[in-house]
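Notes for the one structure printed next.
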Amino acid sequence: MTYDFDFTDWAPGSVLTNFMLSSSPANIWDKTGKGAVFGTGFVDSNGTTVTNGQAEMHPAGHRPSMQGQYAEANRFAFVYTAPRHVTLSRLAFRCVDAGGSANLSVNGRFLSVSDMHQVDGVDFDGALASVAVDSSVPGDPVLTVTLTGVIYPKNFFGHVVFGGAELLVDRVTCDEA
């Protein structure tokens, strides 16, 4: 089964903070079966965990490089979990890394890097990361970060944690193993 999560269930202008969507806390979990996204602490470039970051929802068309409605993270990390906490064989997210450090955690392995490009080729304990760059769209280059292999839920908390100091995300897709 394939899951596709695109942030359209939240109203533009909503702000996602650690474990709470300020405009409507009930909407943290997606009820349509596409998965769930919520917030957690972000590790800054100096190794400090930041717990007061946020992600703001922006409408489609607000930034030309984004395909639809998107979330703009500011020193914030997203936790994505597939429905039923199944093991995944692939997970991808589309993003623009607009500056600062980035975080990626899969299968218990965590990396804090200066930008999301640096995770290309990294093996996250059975899930290999690849980064494709699409510079054909206006604005900043759009990245698709793809993890293939075995992606386990971490203690039923989530499958993948990703974030950035300035990271725009408009889509998460994954396949069950």
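The values are calculated or read from the model by the stated rules, or taken from the named source; none is laboratory data. Owing to the predicted nature of the structure, the values given are computational and were not obtained by experimental measurement. Glycine gets a Cβ as well: all are built from the backbone with ideal geometry, and neighbour counts include every protein chain shown. With ligands, DNA and RNA removed, areas are computed over all heavy atoms of the protein, side chains included. Shrake-Rupley method; radii C 1.70, N 1.55, O 1.52, S 1.80 Å.
Express the relative contact order of the chain as a whole percentage, based on alpha carbon pairs under 8 Å and six or more residues apart in sequence.
28
Which ³J(HN,Hα) values, rounded to whole Hz and listed in residue order, are derived for region 107-119 from phi using the Karplus coefficients 6.51, -1.76 and 1.60 in 6.51 cos²θ - 1.76 cosθ + 1.60 with θ = phi - 60°, glycine and proline given as x?
Here the 3J(HN,Hα) series is 6, x, 9, 10, 10, 10, 10, 6, 7, 5, 4, 5, 7 Hz.
Around Gly99, which amide H atoms from residues at least 5 apart in sequence, or from another chain, sit under 5 Å from its own amide H, with H modelled in the peptide plane?
Distant-sequence amide H within range of Gly99: Glu166.
Give me a comma-separated list of calculated 3J(HN,Hα) values for region 134-143, in order, Karplus coefficients 6.51, -1.76, 1.60 applied at θ = phi - 60°, integers in Hz, x for any Gly or Pro.
10, 9, 7, 8, x, x, 5, x, 8, 10
Once the convex hull of the C-alpha atoms of region 103-146 is built, how many Å³ does it hold per residue, rounded to a whole number?
Value for region 103-146: 61 Å³ per residue.
Using a 1.4 Å probe, what is the accessible area per residue for the chain, in Å²?
I get 43 Å² per residue for this part.
Got a sec to turn the phi values of region 34-39 into Karplus ³J(HN,Hα) couplings, 6.51 cos²θ - 1.76 cosθ + 1.60 with θ = phi - 60°, whole Hz, x for Gly and Pro?
Karplus-based 3J(HN,Hα) across region 34-39 equals 8, x, 9, 10, 9, x Hz.
Relative contact order for region 95-177 using alpha-carbon pairs under 8 Å, separation at least 6, rounded to a whole percent?
On the way: 157 pairs, mean separation 31.7, N = 83.
Reported as a whole number, the value is 38 percent.
Between region 138-174 and region 65-111, what's the alpha-carbon centroid distance in Å?
So the separation of the two Cα centres works out to 2 Å.
Could you rank the peptides 128-139, 163-174, 46-57 by their average count of other C-beta atoms within 10 Å per residue, with the highest value first?
Final packing ranking: 163-174, 46-57, 128-139.
Run the accessible area of region 47-87 with a 1.4 Å probe and give the carbon-and-sulfur part as a rounded percent.
On the way: 780 of 1840 Å².
Carbon and sulfur together cover 42 percent of it.
Which values, in whole Å and largest first, are the semi-axes of the equivalent ellipsoid of region 40-177 obtained as the square root of 5 times each eigenvalue of the Cα gyration tensor?
22, 17, 15
If Lys and Arg each add +1 and Asp and Glu each add -1, what is the summed charge of the other residues whose beta carbon sits under 12 Å from the beta carbon of Val142?
Here the count lands on -1.
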